[in-house]
1. Answer yes or no as to whether PRO474 is closer than 30 Å to PHE24 by Cα, open to solvent by less than 50 Å² (accessible area, probe 1.4 Å) and in the same structural domain as SER319 (by the TED database).
2. Is at least one residue of the range 281-294 in contact with a strand residue (DSSP E or B) (Cβ under 6 Å, 6 or more places away or on another chain) and either under 18 Å from PRO432 (Cβ atoms) or modelled with pLDDT under 95 (or both)?
3. May I ask you to say which residue of ASP243, ASP182 is in a helix (DSSP H, G or I), assigned by the TED database to the domain that holds LEU54, exposed (fewer than 15 other Cβ atoms within 10 Å of the Cβ) and modelled with pLDDT of 95 or more?
4. In the range 601-653, which residues are open to solvent by less than 50 Å² (accessible area, probe 1.4 Å), among the charged types (D, E, K, R) and over 14 Å from ALA566 (Cα atoms)?
5. Looking for whichever is among the charged types (D, E, K, R) and in a loop (DSSP other than H, G, I, E, B) here; the options are ARG51, ARG26, ARG16. Which one fits?
6. Among the residues of the range 599-621 satisfying the criterion of being modelled with pLDDT of 90 or more and of a type outside the set (A, V, I, L, M), which is nearest to the chain's Cα centre (by Cα)?
7. Can you pull out every residue in the range 398-415 that is open to solvent by less than 30 Å² (accessible area, probe 1.4 Å) and under 17 Å from HIS544 (Cβ atoms)?
8. Could you check the range 77-133 and list, in sequence order, the residues that are open to solvent by 10 Å² or more (accessible area, probe 1.4 Å), aliphatic (A, V, I, L, M) and touching a Gly at 6+ places or on another chain (Cβ under 9 Å)?
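The values are calculated or read from the model by the stated rules, or taken from the named source; none is laboratory data. If you're wondering where the values come from, they're calculated on a predicted model, not measured in any experiment. Every residue, glycine among them, receives a Cβ derived from its backbone with ideal geometry; neighbour counts consider all protein chains shown. Note: areas computed on protein heavy atoms with side chains; ligands, DNA, RNA excluded. Shrake-Rupley method; radii C 1.70, N 1.55, O 1.52, S 1.80 Å.
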Amino acid sequence: MAEENTGLSNLLHEERHFPPSDEFARHAVAGAELYDQAKSDRLGFWADWSRKLLTWDTDFTETLDWSDAPTASWFVGGKLNAAYNCVDRHVEAGNGDRVAIHFEGEPGDTRTITYSDLQREVNKAANAFADLGVGAGDRVAIYMPMIPETVFAMLACARLGAPHSVVFGGYSADALNSRILDAEAKLVITADGGYRRGAPSSLKPAVDDALASGAPSVTNVVVVRRTGEEMTMTEGRDLWWHDVVDSASDQHACEAMDSEHPLFILYTSGTTGKPKGIVHTTGGYLTQCAYTHKNVFDLHPESDVYWCSADVGWVTGHSYIVYGPLANGATQVMYEGTPDTPHKGRWWEIVEKYGVSILYTAPTAIRTCMKWGEDIPAKYDLSSLRVLGSVGEPINPEAWIWYRHVIGGDRTPVVDTWWQTETGAIMISPLPGVTDAKPGSAQVPLPGISADVVDDEGDPVPDGGGGYLVLTEPWPSMLRGIWKNPERFKETYWSRFPGIYFAGDGAKKDEDGDIWLLGRVDDVMNVSGHRLSTTEIESALVSHEKVAEAAVVGAADATSGQAVVAFVILRGTASDSGDALVKELRDHVAHEIGGIAKPRRILVVSELPKTRSGKIMRRLLQDVAENREVGDASTLADSSVMDLIQEGLKTAK
Ligand code: 6R9
């Protein structure tokens, strides 16, 4: 990526800095010395943290074996059980009465689960699954709402050494079927349904459909009763959780697994083709989840109340609801439903109710709250918050500032954490007591992590330059492969730049060498030979007072190669959407970035198409921008959004 082609960056004109307060820095878990320690002996650093944070049944003899690159072995020879580390040892250490999960159901029902409760529930589920024939190495598909049984089920699998494959509860029967088939799951754990947007949303019928299309590996389905709706139970195959789990013994002796024993498979969509089953193993994954959860969020487990708003069905839920927080003995909130049910203040009401001190969410959620207006959070006492985290996509500076100001009362550090399903845990992020934070930048690789930005030839770009984000050294929680597809693993991640990991994200280094993520490289447009990042233009649009959200795509253009087309959602108070506003926004982008970035078209819409993990599906918007029939919208969180957009545009014409 040539430097002169990427120099159009309003992100890099962002010059606001937020150093940690002295008070925060004094009590912070992580200090600047971590960077030096990691630099002087990287592998020794990881070995120390692993022994410090985890309880190993058999100590490891070698920290990293990279001789079979790109498949790594971390903590070679070590044995441990992930569920024991997340549950039992906290009870043995005398913390059995500490709350592990404050569950808040969408209808307002609550459950308080201590670490002792968690131990009993996980043991019972492990015994029940074992009775159904599940043993080490067998795969279990989990298709569940956001309820505590989902966590019990995952940990019960971990306890038995049976890799789980959690399939997000919003996915269709077809998506579930292909994931069950690919992993050859023996058991499926599901629920009748969960609550979303004030109504029961069923799950079990989709399991029935998925299995009706043929899934010979599945012998049983265990069903949690959550909504109480009528379900068809297939004799001999389907069993109620309360029948098989509640009656099982709450004593279960777990077995230590090899450090490299597979812990789970999680399917993630590639740019094309069928989803990839990303494989994570036990010792390295758990080490980096615990290490990052502690240091990036400044976790003090005895006093903090942590809340990650993600769904367990995507990687953030795996690493930062289940494995990281529980390995660290944290107390956390788990919320079942949507942020606007029954009212738009629900999240802030939960923060106030439980005294949440650490909140981890996604930019899309922050921008949605911005759209609803700051008077909503203002009604609640948010003074318990002390650290705010962001994940999932680049966070534009305006949303970052709003998050810190409106939610964090200008007190809280904001950590913008870059990572992927494939990396397993956070890789690039500020440390809250250490880093002088810059809104919009994930900034620096964590101590122990090696990342860089390289050009087309794979050479590191100088400070101020732009290119591709790569990871230059193996890390403990790295994926160990793509399930049953070693060729695709090598091809996707290790062939673009031999020997180093290609993340698929564009990035820049600023004059201080800090990293700014610019979106997927497949989201980079080329307009008249100039490379433009969708993220940069979106960020410029959102910095305009009338814009709440923006999505930008490059539409094919005979003259310029691609033309910039923007879809914007206006703020609640902005009423005009006519030509004058469009001109104002185009001029604003020109002012922020340069004339070349000026959108050819700006379309005002009421919603944007997003996946369940909150990522904008630009491919679909590109279809609209190029006047094509809209492609497969089945992975959208709300599949009616595309109809809404097209109807809105028709009436606007
Ligand atoms: C954890 C997660 C991974 C992709 C990644 C990148 C984007 C995630 C980001 C970010 C900029 C951040 N991404 N965090 N971009 N800043 N802080 O989201 O995993 O669903 O696999 O997505 O998300 O493009 O490559 P996953």
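1. So PRO474 does not fit the description; no.
2. The answer is no; no qualifying residue exists.
3. One residue alone meets the criteria, ASP243.
4. Hit for the range 601-653 is LYS610, nothing else.
5. The match here is ARG16.
6. Checking each candidate, the answer is PRO609.
7. Across the range 398-415, the qualifying residues are ALA399, TRP400, TRP402.
8. Residue satisfying the conditions is ALA93 alone.
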